[in-house]
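Heads up, the thing below is written out as structure tokens.
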Amino acid sequence: MRDLGHIQNPYSDGKVIDSCSIFGMMDTSGKRFSGEGIIRAIGNMHFRGNGLGGGFAVYGLYPEHPDDYAFHIMYNSDAAKIETEEYLNHRFDINLAEVVPTKLNEAIINPPLVIRYFASIKPEIAHAHCVNQSQDDYVVSRVMEINTHIADSFVFSSGKNMAVFKGVGYPEEIAEYFQLAQYEGYLWTAHGRFPTNTRGWWGGAHPFSIHDWTVVHNGEISSYGTNKRFLEEYGYECTMQTDTEVVAYAVDLLARRHNLPVEIIAKVFSPPFWHAINRRSPEQQEMLGTLRQVYSGLLLNGPFTIILAHQGEMIGLTDRIRLRPLTVGVKGSTLYLSSEESAIRLICPDLDKAWIPMGGEPIIGSLKSPIIPGSYNQNSAAAGSQGI
Amino acid sequence: MIQTTENEITIDAAGVSFRDLNTKLREKVACGAEKIVLLNVCGQRYIGTDLNSPVAINIVGTPGNNLGSFMDGPQITVYGNAQDGSGNTMNDGQIIVHGHAGDITGLAARGGNIFVRDDVGYRAGIHMKEYEDKKPALVIGGTAQDFVGEYMAGGVLILLGLNLKQGEHHRANYIGTGMHGGIIYIRGTVEEYQLGKEVGVAELTEDDYRVLGEYVGDYADHFDCDAKQIMNSSFIKLYPRYLRPYGRLYAY
């Protein structure tokens with residue numbers, strides 16, 4: 001971890017006013033594009049972070065391996081690599097293993113070895129273990145096992161046709177390190193970290209990921225303890241001592257295992273207040289009231305803005321009284337989400353529309369219902385716009 | 001940088017860090033600049049902070065957070081949208097936004113005027129205050145999101161709702177929560193449940209209409225619209241019911 005006290009400040013404005021930066025962009029038509037734009041955009045919010053964490057998630061990244069689980073694993077020792085590979089080889093057919101290409105720059109200090117494996121579950125294992133659970137369930141459990149039982153080994157990405165790249169540094173430095181401008185995907189999210197409650201370490205940078213869900217987060221989940229206890233009953237172990245982890249597990253539980261659509265998940269995370277629910281129609285009162293009761297342990301309290309993503313979908317959401325910022329932009333079929341509008345304007349000056357959504361109102365981009373170019377006109381209406 | 005005339009300067013802000021940009025503004029104002037045009041502004045924070053002359057600063061692009069924070073006199077015009085915290089604790093001057101503005105616009109302002117053509121985000125005007133002739137005003141042409149006028153301690157906040165469609169209501173909730181000074185004027189009306197517990201609703205007096213009329217006149221001048229047409233609608237006035245709403249909260 002870098003000692004910030006040693007950094008010279010020629011402006012003598014020693015007070016550090018930071019907050020995390022988050023950014024997401026998705027071409028809802030499914031067209032893939034390079035990371036060049038999002039690297040510039042998140043770099044424009046450089047001063048929101050402090051260099052103790054940066055990262056990216058990319059979807060549609062490995063079309064040549066669409067059906068393989070793409071494990072991305074950080075190793076801090078050779079022993080961890082040997083033990084982890086033995087563990088994987090017993091359970092998976094590794095179709096390709098390669099060191100993730102990196103280019104060292106002076107900002108990156110003491111990086112772990114990062115290797116990616118394109119793997120499928122061995123047929124006999126799948127036959128024996130994936131009867132009462134899906135293959136995805138099996139993979140999630142194995143990832144949890146590696147992360148909690150093998151020292152110096154950390155699986156930080158395990159979905160298909162996607163990956164997370166992250167580490168300690170400013171996001172634009174991490175992008176340079178992993179040479180992300182060379183990759184292409186149809187959906188990118190990014191994060192610049194200003195750690196508040198836990199130290200900056202490679203695994204603790206955002207995005208957090210489980211299976212193919214990722215989350216980048218600005219804020220604090222004050223309900224962490226309640227959420228953690230709820231999730232533990234479903235077999236999730238919170239091991240990273242950081243609040244954002246519970247969002248990733250909660251969305252995995254609600255979306256993948258309970259099959260809830262993201263519109264409903266948003267109402268679990270950021271439910272309307274009871275007195276607001278009481279003003280809704282009887283049907284909505286019943287639905288919103290039921291959600292609050294069944295999933296009270298997954299209400300996310302405290303200030304947050306998150307960008308969630310998985311295959312084919314990107315969701316921006318804030319807490320219900322919007323204690324952290326979120327700006328939305330649309331250009332053609334591309335949806336932008338950002339902590340600051342200027343970051344979007346840097347890479348897309350002539351947005352069709354830019355607006356600020358209400359707290360707790362999800363903004364959803366989806367391959368299933370792509371934005372029709374031209375459907376957003378120039379007349380911006382910041383408040384009160386409905387989600388997409 | 002282009003020196004158009006002796007006292008008029010154009011600065012290309014593309015890729016310039018916020019610290020360098022503000023240093024440059026300080027230097028130019030110290031040398032007597034009267035008008036500064038900033039081109040390609042993209043997220044630079046604190047533009048105009050600690051300037052204390054009536055210099056005109058025209059911003060083309062998207063200025064960063066805390067635009068004009070602590071400033072004491074400049075006239076900032078933004079041709080684009082503003083982000084969060086515009087006019088933070090400003091003492092004097094004007095900020096005119098030809099677009100929308102983000103959260104906590106005008107927070108803790110002590111003087112000066114802010115005009116936003118379109119909408120504002122959450123908590124606009126939070127804890128604005130006034131003292132004797134120092135009386136800040138925040139005029140919002142569109143609508144506000146929740147907690148507008150929160151903990152307001154002074155000044156004038158005007159919500160015009162010009163972009164609301166026929167029959168459409170202001171959507172903000174918790175309006176004036178914790179308000180204990182100043183006045184809010186709203187064009188159109190709001191439901192009782194949208195108001196904070198600390199505000200009362202009243203009809204406007206002649207004095208109110210005079211104050212409102214002046215600010216609406218300025219708004220109409222800035223954004224080229226018809227003040228008479230705006231004034232020819234119904235308004236309500238929100239006032240603080242208590243000077244110290246939480247005076248007994250921590251008194252045991």
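Here, each number is a calculation from the coordinates, and none is a lab measurement. Keep in mind that what you see is a predicted model, and the values were worked out from it rather than measured. Here Cβ is always computed from backbone atoms with ideal geometry, including for glycine, and neighbour counts include all displayed protein chains.
Only DSSP H runs of four or more residues enter the estimate; each adds -39500 (n - 2.57), and after division by the residues of chain A the mean residue ellipticity at 222 nm equals -7500 deg cm²/dmol. For the residues of B:141-147, the average number of beta carbons from a partner chain within 10 Å of their own beta carbon is 4. Per residue of A:348-359, other chain Cβ atoms within 10 Å of the residue Cβ number 4 on average. Straight-line cross-link partners of A:Lys368 among the lysines, defined as a Cα under 25 Å from its Cα and at least 8 positions apart when in the same chain: A:Lys31, A:Lys160, A:Lys267, A:Lys331, A:Lys353. A Cβ-based charge dipole, computed about the Cα centre of the range B:100-250 with Lys and Arg at +1 and Asp and Glu at -1, lands at about 500 debye. Per residue, the convex hull spanned by the Cα atoms of the range A:124-187 amounts to 134 cubic angstrom.
For chain B, just say rounded, prolate or oblate: build the C-alpha gyration tensor, square-root its eigenvalues into a ≥ b ≥ c, call rounded for a/c under 1.5, and beyond that prolate if a/b exceeds b/c, oblate if not. Prolate, because a/c is 1.5 or more and a/b exceeds b/c. For the range A:156-265, a/c is not less than 1.5, where a ≥ b ≥ c are the root eigenvalues of the C-alpha gyration tensor, and a/b does not top b/c. That puts it in the oblate class. Total lysine pairs in chain B at Cα distances under 28 Å, for residues eight or more apart or on different chains: 17. What angle, in degrees between 0 and 90 and rounded to the nearest 10, separates the Cα long axis of helix B:18-30 from the longest principal axis of the Cα atoms of chain B? Value to nearest ten degrees: 80.
With the Cα gyration tensor of the range B:8-118 giving a ≥ b ≥ c as the square roots of its eigenvalues, does the rule (a/c under 1.5 for rounded; else a/b larger than b/c for prolate; else oblate) give rounded, prolate or oblate? Because a/c hits 1.5 or more and a/b fails to exceed b/c, the range B:8-118 counts as oblate. Mean partner shielding of peptide B:171-184, defined as the number of other chain Cβ atoms within 10 Å of each residue Cβ, is 1. Of the peptides B:38-45, B:52-59, A:275-282, A:304-311, the ranking by mean beta-carbon count within 10 Å, highest at the top, reads A:304-311, B:38-45, B:52-59, A:275-282. Both radii are taken from the alpha-carbon atoms of the protein assembly as shown; with Rh as the Kirkwood radius, Rg/Rh is 1.00. Output the 0 to 90 degree angle, nearest 10, between the alpha-carbon long axis of helix B:206-223 and the longest principal axis computed from the alpha carbons of chain B. The answer is roughly 30 degrees.
Considering only beta bridges that DSSP places wholly inside the protein assembly as shown, some 65 percent are antiparallel.
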